[in-house]
Amino acid sequence: MNILVINIAMRRGTPVTLFNIGLGYVTTAMKRAGYDFDLIDIDLHRYMDAEVESLIKKRSYDVVCIGCIVTGYKIAKELMSVIKRCHPTCQIIVGNTVASSITDTLLRQTEADIAVTAEGDITIVDLLDTISKNGPLGEVKGISYIDKDKIITTAPQPMIEDISSLPYIDFDIWDAEKYISKSQYEVNDPLPFPRDQVRALPINTARGCLAKCSFCYHLFVQYKYRYRTPDSIVGEIKSMIEKYDLNYIQFWDELSFFSRKQTLALVERILDE
């Protein structure tokens, strides 16, 4: 089964390139489950449309995985048309909030075949296992799809209670060094060294948000705010520093320091090192 993963470009007009944390976790889960796949990172390389189509045509694909936030709907829709034009029989799996927030629209108005709702770490592996065996999609939790013009939504995938149990993102899947080289455009002043010396990668310490802002789609609003242990966070920081010679860590949570107790525990753990 030939699989392609595509990272969409949401901000082609700016030098800022923000690593896709969600897709990073999903591709890590896929790799750990033994799945080989190709990756087209449009956002990092800023491929033009003709280049993207040429890359999609390089091989015959059975499954193509994409995902973005809901504001990228138009971009995703256009990309899916290109994918189906190149590979008419492939199955397109779409994740992230564009799949969870407007599931019906996505499935009926685009070339998407399957929408993965909520977290994708476990669902993507279950789904690929099922597709590879030609099994029934209805047994896969956390997805929606169309069957005989009716949208089928399966039972929800249980949330991952202990997110500290998740593996660290495998940046080797991605072009880590290029992300690091572009990280100088993402960090904020003041800096402890010249901007062109920044070597940074992101880390997430939690999932969810405590707020209920009216302008935001709340993917995890019905679930408690889940945060990683200080040992897990510091372990990943140490791993990234040792492997990629980083001198700056970006915390990309919705609420990095929502709790005084949690923040102090993390700071103390960092000082221990």
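The values are calculated or read from the model by the stated rules, or taken from the named source; none is laboratory data. No experiment lies behind these values; they were computed from the predicted model shown. Counting neighbours? That spans all protein chains shown, and the Cβs are built from the backbone with ideal geometry, glycine included. Areas reflect the complete protein model, heavy atoms only, side chains present, ligands, DNA and RNA absent. Shrake-Rupley method; radii C 1.70, N 1.55, O 1.52, S 1.80 Å.
Each peptide in 71-77, 10-16 was scored by the mean count of other Cβ atoms within 10 Å over its residues; highest first, the order is 71-77, 10-16.
Comparing T97, S81, V52 along the charge dipole axis of the stretch 37-109, the residue lying farthest to the positive side is S81, per the Cβ-charge model. Note on the stretch 167-254: with charges restricted to the Cβ of Lys and Arg (+1) and Asp and Glu (-1), its dipole about the Cα centre is near 400 debye. Here the calculated FRET efficiency for S101 and E268, from their Cβ-Cβ distance with R0 = 41 Å, stands at 0.60, rounded to the nearest 0.05. Where only DSSP H runs of four or more residues are counted, the chain gives -10000 deg cm²/dmol as its mean residue ellipticity at 222 nm, each run worth -39500 (n - 2.57). Hull volume per residue, based on the alpha-carbon atoms of the stretch 1-127 and their convex hull, is 98 Å³. Distances between placed amide hydrogens fall under 5 Å for Y248 paired with R199, L201, all partners being 5 or more residues away or on another chain. Couplings for the stretch 96-108, taken from phi via the Karplus curve 6.51 cos²θ - 1.76 cosθ + 1.60 with θ = phi - 60°, read 6, 5, 5, 8, 7, 8, 10, 4, 4, 4, 4, 6, 8 Hz in order; Gly and Pro are left as x.
Tell me, what does the Kirkwood hydrodynamic radius of the stretch 177-273 come to in angstroms if you use every pair of distinct C-alpha atoms?
By the Kirkwood definition, the hydrodynamic radius is 15.0 Å.
Quick check: from the Cα gyration tensor, does the stretch 134-231 come out rounded (a/c under 1.5), prolate or oblate? It is prolate, given that a/c is not under 1.5 and a/b is the larger ratio.
Using a/c under 1.5 as the rounded threshold, could you call the stretch 1-55 rounded, prolate or oblate? The axes a ≥ b ≥ c are square roots of the C-alpha gyration tensor eigenvalues, and prolate needs a/b larger than b/c, oblate otherwise.
Here the stretch 1-55 falls in the oblate category.
Can you give the charge dipole size of the chain about its Cα centre, rounded to the nearest 20 debye, using +1 on the beta carbon of Lys and Arg and -1 on the beta carbon of Asp and Glu?
That gives a dipole near 600 debye.
Put a dot 7 Å past the Cα of D129, heading toward its Cβ, do the same for I152, and the two dots end up 1.8 nm apart.
Among the GluC sites (Glu not before Pro) in the stretch 129-190, those placed in a DSSP loop whose Cβ has at most 15 other Cβ atoms within 10 Å are E161. Working note: Debye formula, equal point scatterers on the alpha-carbon atoms of the chain, no solvent; log10 I(q)/I(0) at q = 0.12 Å⁻¹ is -0.79. Of all DSSP beta bridges confined to the chain, the antiparallel ones make up roughly 35%. Distance from a point 7 Å along Cα→Cβ of C216 to each backbone N in the stretch 234-273: keep the residues under 11 Å and list them by number. Within reach of a label on C216: 253-256.
Rounded to the nearest 20 debye, the dipole magnitude of the stretch 41-194 is 700 debye, with +1 charges on Lys and Arg beta carbons, -1 on Asp and Glu beta carbons, and the Cα centre as origin. Candidates M159, C216, T263 compared by Cα position along the dipole of the chain: farthest toward the positive end lies C216, with charges placed on Cβ.
Across the options N134, L246, G235, the greatest Cα extent toward the positive end of the charge dipole of the chain (unit charges at beta carbon of Lys, Arg, Asp, Glu) belongs to N134. Count Lys and Arg as plus one, Asp and Glu as minus one, and take only other residues whose Cβ is under 13 Å from that of H87; the net charge is then 0. DSSP beta bridges fully contained in the stretch 139-273 are about 60 percent antiparallel.
Of the solvent-accessible surface of the chain, computed with a 1.4 Å probe and all protein chains present, 51% belongs to carbon and sulfur. The calculated pair-distance distribution of the stretch 48-203 uses every alpha carbon pair, bins of 10 angstrom beginning at 0, and gives 9, 30, 34, 19, 7, 1 percent. The value obtained for the stretch 215-267, namely the Cα convex hull volume divided by the number of residues, is 117 Å³ per residue.
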